[in-house]
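Everything on this sheet refers to the single structure shown next.
The values are calculated or read from the model by the stated rules, or taken from the named source; none is laboratory data. Since the model is a prediction, treat every value here as computed from it, not as a measurement. When we count neighbours, we look across all protein chains shown, and the Cβ atoms used for this are built from the backbone with ideal geometry, even at glycine. Side chains are part of the model used for accessible areas, which takes the heavy atoms of the whole protein and leaves out ligands, DNA and RNA. Shrake-Rupley method; radii C 1.70, N 1.55, O 1.52, S 1.80 Å.
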Amino acid sequence: MVTQITPHNFSNQNHRMQNFINGNKISYGHMNLKKSPDVQEHGKDITNKDKILAGVGAATGVAIPLLAFMKHQKAPNIFKVKYKVQHMLTMAACGNIGGIMMSSIGEPKEDIKKKWKEGAFQMALTSAPLLLVDGSIALCSKSKNPKINNNITKIICSVLGVTIGSNSAAALFNSLRSEKEAKKPKRELKLKDMIANFDDAVAICVLAKIPFADKIHIERALPFIYSICGYRSGTGDRKKA
């Protein structure tokens, strides 16, 4: 069967290709560089109040567990704290909660509901990859086979974990959408989203104990990254002015 190529079909295919190249449909998790299509079209303009409240709430949310970790580990300062997956997830969760709660002050219930939905989506895209990465690295470390228990294999397994975890979380959220939400564009993942997920790259280096990461203390960036996570959740229902 031969499909006839019409100007209309060609235009649609070209439009889809442009969307892929330009990332117009990007909507990915806590390090989302683009707003969802629905927010871009119907969201309110972001204000200085939104930015300040979301930023303060997210930073405070991350700082509270970070100071608790520092005290528990008897670290001299926050930059000496050692991180495991539970520490990362706790900071991400508290950052998201702080950003949402502070930015919800004086907001209508409908907007607050959108913020919590965005926060839940971002936490799913934080926790699923991290847990898979942590599990993959643990399995590699337990192996007595040097071809499996090495940094290269750990990184490869971690990248697979991030990819599978992110796509699984996005698919789950799309499947749970209500009839009203089903009429809106789905949350989609693109290659650019994965590259932009700097926090997963840092987590991989920390959990896998990559030598160069330990020397440059890349784990010190985690509190700042998770503060951005919370900020993104707190402003997730806003579009740029």
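Observations
- Here Gly106 clears all of (1) of a type in the set (Gly, Ala, Ser); (2) in contact (Cβ under 8 Å) with a residue 24 or more places away in the chain; (3) surrounded by fewer than 21 Cβ atoms within 10 Å (Cβ to Cβ) except the condition numbered (2).
- Residue pairs meeting the criteria (Cβ under 6 Å; at least 6 apart or on separate chains; first open to solvent by less than 40 Å² (accessible area, probe 1.4 Å), in region 148-160; second modelled with pLDDT under 85): Lys154/Ala208; Ser158/Ile204
- You will find that of Ile216, Ile225, Ile195, Ile204, the residue that is modelled with pLDDT under 70 and β-branched (Val, Ile, Thr) is Ile195 and no other.
- Scanning region 90-113 for residues being under 14 Å from Lys44 (Cα atoms) and out of contact with any helix residue (DSSP H, G or I) (no Cβ under 7 Å at 6 or more places or on another chain) gives a total of 5.
- Of everything listed in (1) over 17 Å from Ala208 (Cα atoms); (2) open to solvent by 20 Å² or more (accessible area, probe 1.4 Å); (3) within 14 Å of the chain's Cα centre (by Cα), the single unmet condition for Gly119 is (2).
- Scan region 73-103 for residues that are open to solvent by 60 Å² or more (accessible area, probe 1.4 Å) and among the aromatic types (Phe, Trp, Tyr) and the total you get is 1.
- The residues on offer are Ala93, Ala124, Ala128, and the sole one that is under 14 Å from Tyr226 (Cβ atoms) and out of contact with any Phe, Trp or Tyr (no Cβ under 6 Å at 6 or more places or on another chain) is Ala93.
- Failed item, numbered, when Phe173 is tested on (1) surrounded by fewer than 22 Cβ atoms within 10 Å (Cβ to Cβ); (2) farther than 30 Å from Leu53 by Cα: (2)
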